[in-house]
1. I want to make sure I understand the PRE zone here: with the label point 7 angstrom from the Cα of N76 toward its beta carbon, which residues in the range 265-288 have backbone N atoms less than 17 Å away?
2. Between F50 and I14, what is the label-to-label distance in nm when each label sits 7 Å out along the Cα-to-Cβ direction?
3. Using all alpha carbons of the range 171-329, what is the percent of pairwise distances in each 10 Å bin, ordered from the shortest bin to the longest?
4. Please report the relative contact order for the chain, taking Cα pairs under 8 Å with a sequence separation of at least 6, and give it as a percent rounded to a whole number.
5. Placing one identical point scatterer on every Cα of the range 63-165 and ignoring solvent, what is log10 I(q)/I(0) from the Debye formula at q = 0.13, 0.16, 0.21 Å⁻¹?
6. Rg (Å, one decimal) plus Dmax (Å, integer) for the alpha carbons of the range 189-249?
7. Per residue of the range 87-100, in order, report the coupling 6.51 cos²θ - 1.76 cosθ + 1.60 (Karplus, θ = phi - 60°) as ³J(HN,Hα) in whole Hz, putting x for Gly and Pro.
8. Give me the compactness ratio for the range 100-214, meaning the Cα radius of gyration over 2.2 N^0.38 Å.
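Nothing in this text is a laboratory measurement; each read-out follows from the coordinates by a stated rule. Everything numeric in this text was worked out from a predicted model, so none of it was measured. Cβ coordinates were reconstructed from backbone atoms using ideal geometry, including for glycine residues, and neighbour counts include every protein chain displayed.
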Amino acid sequence: MEGGLITVAKPYEIIDNSGIQTAPLSDRKSKVSREAFGKPWRPGGSYSNFLDSLPDFLAASDLKAVIEAVVKAVNNQKPVMWAMGAHVIKVGLNPILIDLMEKGVIRSISTNGAAIIHDSEIALAGKTSEFVDQSLGSGGFGMARETADFLSKAIKSAEAKSMGLGQAVGEAILEDALPYAQDSIFAAGARLGVPMTVHVAMGTDIIHMHPDFDPKAAGAATHRDFLVFANLVSGLSQGVFLNVGSAVVMPEVFLKALSLARNLGAKVGGFTTVNMDFMRHYRPTVNVVNRPTMEGGRGIHLTGHHEIMVPLLAAGVLEGLAAAKADKE
């Protein structure tokens, strides 16, 4: 081309791979082995058969590990502490939690301020969780009279008795003989003597809008619950702590309680922590799974929807406990 440059293209140089060194496949370490493959389901099988049929990889292995850790803790008389967000209640899991409490699996339940609202509404009316988008525009969101009145009375009772908020709510549900008390985890805690602690973030719950709400009494009651929770954490060694669906509040409370217990001389270690949620959040990852187990123990993520994962876990634990009992007999 006149006035231009003519470029003659040359192939790029390539590496000479004729001298590579190979090794037998039989000598190589591999992460996947056919011995760990899943097994086809046979209709009519038991839940234990189902667990055995799962492939021994990743989340399936983690589920089995959590089941094993809980079964071991229960059999060794070590605590299984259950922390959670209120969504666990809203997806209908109260009967499963109550059953685990009655069978001596769950030794304490700790949660946020929303949980006493949803649990109390179930006990009061057999229903909970309003349609926020339908009532927010008119200012009607959070204005259920019975909910606010009942919990305000329970909070004042906690103050009068120098009691934690969770215990006060449970006892109030039983004392008032609410129509659906049998479905309340807080009533079950009061009935069974299982510690129930509530950790309130002021301004997050609908009852905080009501004029009869006593913030001083609520603050004192929730702080008493923090001290109860810290005392429970001080005895967590060789036990299991599960955080189910709390993205911020319970992971933060757990870390502070663990630090307080260790500061006061408790040798807390060798426990298993489990974070269960439908997605992995930063705060539970560092405050539940990673940091607390740096001195020993194990942290595990179980990712999935509560309404599926909690029943799967509960069934596996009860099957494991039944098998262990049968072996002893």
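1. So the set is 267-274.
2. Going from the F50 label point to the I14 one covers 5.3 nm.
3. With a bin width of 10 Å, the distribution comes to 9, 28, 38, 21, 4, 0.
4. Working: 520 pairs, mean separation 64.3, N = 329.
RCO, the chain: 20 percent.
5. Each listed q corresponds, in turn, to -0.63, -0.86, -1.18.
6. For the range 189-249, the Cα-based Rg and Dmax read 14.0, 45 Å.
7. 4, 4, 5, 5, 9, x, 9, 3, x, 5, 5, 4, 4, 5
8. Values: Rg = 14.0 Å, N = 115, 2.2 N^0.38 = 13.4 Å.
It is 1.05.
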